[in-house]
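First the structure, in the form of structure tokens, and then the observations on it.
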Amino acid sequence: MKNYTLLFIFFIGFISCENSTSQYQNEYKKLFNFRKLKNSEKKMYYNKSEILYNQLLGRSNFNGGILIAKNGEIVYEKYNGYSNSTTKEPINSNTTFHIASVSKTFTAMAILRLWEQHKLNISDSLQQFFPSLPYHNITVKDLLSHRSGLPNYLYFSDTAFKKNSRVTNNDVLNYMIYAQPALYAKPNKIFHYCNTNYVLLALIIEKTTGISYPKYMKDSIFNPIGMKNSFVFGIKDTNNYSPSYGYNNQPFNLENIDCIYGDKNIYSTVQELLLWDKALYNNSIVSEDTYKIATEPCSNERKSIHNYGLGWRLFISKSDKKVYHNGWWHGNNAVFVRLIKDTATIITLGNKYNKSIYTTAKMANIFSTSKNEEDLEE
């Protein structure tokens, strides 16, 4: 009789746990109700986009893809150039690009997802994850908002690591523990954009979940929202490295820090970044309340329409709020802009260095509330 009782209790507990998990997951599946566009609207947006594309990129030797969406629908999409200048393989909708610092938006949302799941707290000290790290009074939130004051590993990597090595996130951490490079500023005093912050955040994801960052992103972010071609580049991918190109069309060879991730190293397509955009609208990754927290300005030392939240750059004016992130690494340039009031998105990716790519944020002018705004920060 006792065995039956224990079995019954276990069964009830299991059902309760399943219901709790199901309820937790369901709150992430409230579909955003976009208004369906009329054909006349699509045509109007396409024509306006085509004019601006020709003005901004038409003569710039653009090598990449661009996508503009309104209410979740693609209103403009174009590809130009080659994914590989040697084989002359043309760029198409399945071409993956290194999205550079746009990767930070994924890292930040993954951290906030773990926060919602009560697996970490953004007020946690770094010593909770890295007990030997000699920098104190820095929190997870300080990393997310670039207010840690930590030194940027890009500036000490030349002397810290051998040229022919494959440096990892743990190598950066261990060097900071051993060599203790000087802080840029005291914690939470100023905004200082620093790639080291997101290198450590990727390690925090790994320590919290027990799963490698590339696998966690694939299993918990990419696959659930349909980003089947997206991946995190790491040491295992070096034999299949696809180079980007400079002004002179010369390929960038792999450097010793090209296997570090969290701050960069996500590869994706313009169409799959639109899936990322939709997932944010549909609360598929984090809840609406958490996303709002992520897109509130954290650096208010000086009054400005430009600011930074938790993994997102912000442009806040009287007429609109743009939530965005740009990126650059080697020959790769990336633009990801969310126009909040217009429920519109601008995505531009290129693998041949082209500063004109950043001007495509001006294509926001085809929508109602985004006219005559200043440029967004690179």
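The values are calculated or read from the model by the stated rules, or taken from the named source; none is laboratory data. All values reported here derive from a predicted model rather than from experimental measurement. Don't worry about glycine lacking a Cβ; one is built from the backbone with ideal geometry, like all the others, and counts go over all protein chains shown.
At a glance:
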{"read-out": "Sole residue being surrounded by 15 or more Cβ atoms within 10 Å (Cβ to Cβ), modelled with pLDDT of 95 or more and in contact with an Asp or Glu (Cβ under 9 Å, 6 or more places away or on another chain), chosen from Lys48, Lys70", "value": "Lys70"}
{"read-out": "Filtered residue count, the stretch 285-315, keeping only those that are surrounded by fewer than 19 Cβ atoms within 10 Å (Cβ to Cβ) and within 23 Å of Phe34 (Cα to Cα)", "value": "6"}
{"read-out": "Selection count where residues are part of a strand (DSSP E or B), out of contact with any Gly (no Cβ under 9 Å at 6 or more places or on another chain) and more than 23 Å from Phe252 (Cα to Cα), scope the stretch 308-340", "value": "11"}
{"read-out": "Scan of the stretch 279-303 for residues that are over 20 Å from Ala344 (Cα atoms) and touching a Ser or Thr at 6+ places or on another chain (Cβ under 8 Å), ordered by number", "value": "Cys298, Ser299"}
{"read-out": "Some residue of the stretch 10-23 being surrounded by 10 or more Cβ atoms within 10 Å (Cβ to Cβ), charged (D, E, K, R) and at pLDDT 90 or above", "value": "no"}
{"read-out": "Residue that is farthest from the chain's Cα centre (by Cα), among those in the stretch 301-322 that are among the small types (Gly, Ala, Ser) and modelled with pLDDT of 95 or more", "value": "Gly309"}
{"read-out": "Condition broken by Lys141, with the remaining ones in (1) modelled with pLDDT under 95; (2) in a helix (DSSP H, G or I) satisfied", "value": "(1)"}
{"read-out": "Odd one out for Ile205, checked against (1) under 18 Å from the mean Cα position of the chain (by Cα); (2) β-branched (Val, Ile, Thr); (3) part of a loop (DSSP other than H, G, I, E, B)", "value": "(3)"}
{"read-out": "Positions within the stretch 241-257 being surrounded by 17 or more Cβ atoms within 10 Å (Cβ to Cβ) and within 22 Å of Tyr82 (Cα to Cα), in sequence order", "value": "Pro243, Ser244, Tyr245, Pro251, Phe252"}
{"read-out": "Per-region count, the stretch 87-121, residues β-branched (Val, Ile, Thr), assigned to a loop (DSSP other than H, G, I, E, B) and touching a residue at least 24 places away in the same chain (Cβ under 8 Å)", "value": "4"}
{"read-out": "Positions within the stretch 207-222 being more than 21 Å from Ser268 (Cα to Cα) and either in contact (Cβ under 8 Å) with a residue 12 or more places away in the chain or aromatic (Phe, Trp, Tyr) (or both), in sequence order", "value": "Lys207, Thr208, Thr209"}
{"read-out": "Positions within the stretch 212-258 being within 30 Å of Asn283 (Cα to Cα) and in a loop (DSSP other than H, G, I, E, B), in sequence order", "value": "Ser212, Gly226, Met227, Lys228, Asn229, Ser230, Phe233, Gly234"}
{"read-out": "Output for the stretch 73-86, where each listed residue is assigned to a strand (DSSP E or B) and either of a type in the set (Ser, Thr, Tyr) or modelled with pLDDT of 95 or more (or both)", "value": "Glu73, Ile74, Val75, Tyr76, Glu77, Lys78, Tyr79, Asn80, Tyr82, Ser83"}
{"read-out": "Meets criteria (within 28 Å of Ser83 (Cβ to Cβ) and either at pLDDT 95 or above or hydroxyl-bearing (Ser, Thr, Tyr) (or both)) for Glu296", "value": "no"}
